[in-house]
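The values are calculated or read from the model by the stated rules, or taken from the named source; none is laboratory data. Fair warning: this is a prediction, and the values are worked out from it, not measured in the lab. Here the Cβ positions follow ideal geometry from the backbone for every residue, glycine too, while neighbour counts run over all protein chains shown. The area values use the complete protein model at the heavy-atom level, side chains included, leaving out ligands, DNA and RNA. Shrake-Rupley method; radii C 1.70, N 1.55, O 1.52, S 1.80 Å.
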Amino acid sequence: MTVLADTHCHLDLYPDYADVIAEIDRLRIEVIAVTNTPSVFRHCVALTRSSPHIHPAVGLHPQLASQRQHELHLLPELLTETRFVGEVGLDFVTQDAMDRQIQQRVFSTILEQSASHGDKVLTIHSRRAAMEVVEMIGAGYPGTIILHWFSGSHRVLQAAIRFGYYISVNSAMLSNQTGRRLAAAIPHDRILSETDGPFVTVGGRVVRPAQVQDVVVGLATLWNVDLLEASARLGENFRRIVPCA
Ligand code: MN
């Protein structure tokens, strides 16, 4: 049986998270539950403890790097409690040189500490900083790299693919021509599905993990294959990273 996976979802930020978790369990969706600061990681673990399908990730969102860098000292211990890291990365929407520098220092620390474990799965934000992110991670990183909601150039995408990274695609990305062109350029064995809920809306409504099915439908259309074939490809990619428990 093929698995449906949401590899980037902020489960702890849904006001009705208990309903969302019940839905995940009912539909047996595999979810990487990213968090935005180290201090909320254990809270997310506690919320999701009852579900065998949810994988909490420890993160420090780049847009919170300046404000929350003092929480970095929590990271070494939390990294022993999960295989999953996210949301981390760089966001260069800010023009502030100091903020960018702090983001780079925080991300570099997280990359180094995660690398020392060798088997981490990292879901990474790279808005307006795709080249910088790929340069910082480089080739041969000891762990699994997932570039989430990639919006960089085709040249940087090709480098990421050469370096062995995965790319996760969501509904927002598939809703425009630029995003669809990028998605079409990702090899079929390197693509994953995600929602980035609750930060993405479809038809004016906040997406939920169950709607990761829309991404499967979108990719089936893009690839010109049937739904079974598209979900089989995506499921196989996810199981290569996260084998059955
Ligand atoms: Mn996110």
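For region 150-166, which positions are among the charged types (D, E, K, R) and more than 20 Å from Phe92 (Cβ to Cβ)? First the steps, then the outcome.
Just the residues of region 150-166 that are among the charged types (D, E, K, R), to begin with: 155, 162.
Of everything in region 150-166, just one residue is among the charged types (D, E, K, R) and more than 20 Å from Phe92 (Cβ to Cβ), namely Arg162.
When restricted to residues that are assigned to a strand (DSSP E or B) and closer than 23 Å to Phe107 by Cβ, region 49-59 contains 4.
The residue of region 1-48 that is nearest to the ligand (Cβ to nearest atom), among those that are outside any helix (DSSP H, G or I) and free of Cβ contacts under 8 Å to residues at least 12 places away in the same chain, is Pro15. Taking the residues in region 77-98 that are charged (D, E, K, R) and open to solvent by 30 Å² or more (accessible area, probe 1.4 Å) as candidates, determine which candidate is nearest to the ligand (Cβ to nearest atom). That would be Arg83.
Quick grid of which residues meet (1) charged (D, E, K, R); (2) more than 16 Å from the ligand (Cβ to nearest atom); (3) touching a residue at least 60 places away in the same chain (Cβ under 8 Å):
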position	(1), (2), (3)
Arg128	yes, no, no
Val133	no, no, no
Val156	no, yes, no
Asn170	no, no, yes
Pro187	no, yes, no
Ser193	no, no, yes
Asp196	yes, no, yes
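Screening Thr178 with (1) within 16 Å of the ligand (Cβ to nearest atom); (2) of a type in the set (Ser, Thr, Tyr); (3) more than 16 Å from the chain's Cα centre (by Cα) gives one miss only, at (1).
Mind checking whether some residue in region 104-125 is more than 18 Å from Leu75 (Cβ to Cβ), crowded, with 17+ Cβ neighbours inside 10 Å and within 16 Å of the ligand (Cβ to nearest atom)?
Keep residues of region 104-125 that are more than 18 Å from Leu75 (Cβ to Cβ), which gives none.
No, region 104-125 contains no residue that is more than 18 Å from Leu75 (Cβ to Cβ), crowded, with 17+ Cβ neighbours inside 10 Å and within 16 Å of the ligand (Cβ to nearest atom).
If a residue counts only when it is open to solvent by 30 Å² or more (accessible area, probe 1.4 Å) and more than 16 Å from Val31 (Cα to Cα), which helices (runs of 4 or more DSSP H) contained entirely in region 140-245 have at least 3 such residues?
On the way: elements: 154-162, 171-174, 177-184, 212-223, 227-241.
By residue number, 154-162, 177-184, 212-223, 227-241.
Being more than 16 Å from the ligand (Cβ to nearest atom) and open to solvent by 30 Å² or more (accessible area, probe 1.4 Å) is true of Leu74.
When the criteria are applied in full, Glu30 meets the requirement of being under 17 Å from the mean Cα position of the chain (by Cα) and of a type in the set (D, E, K, R).
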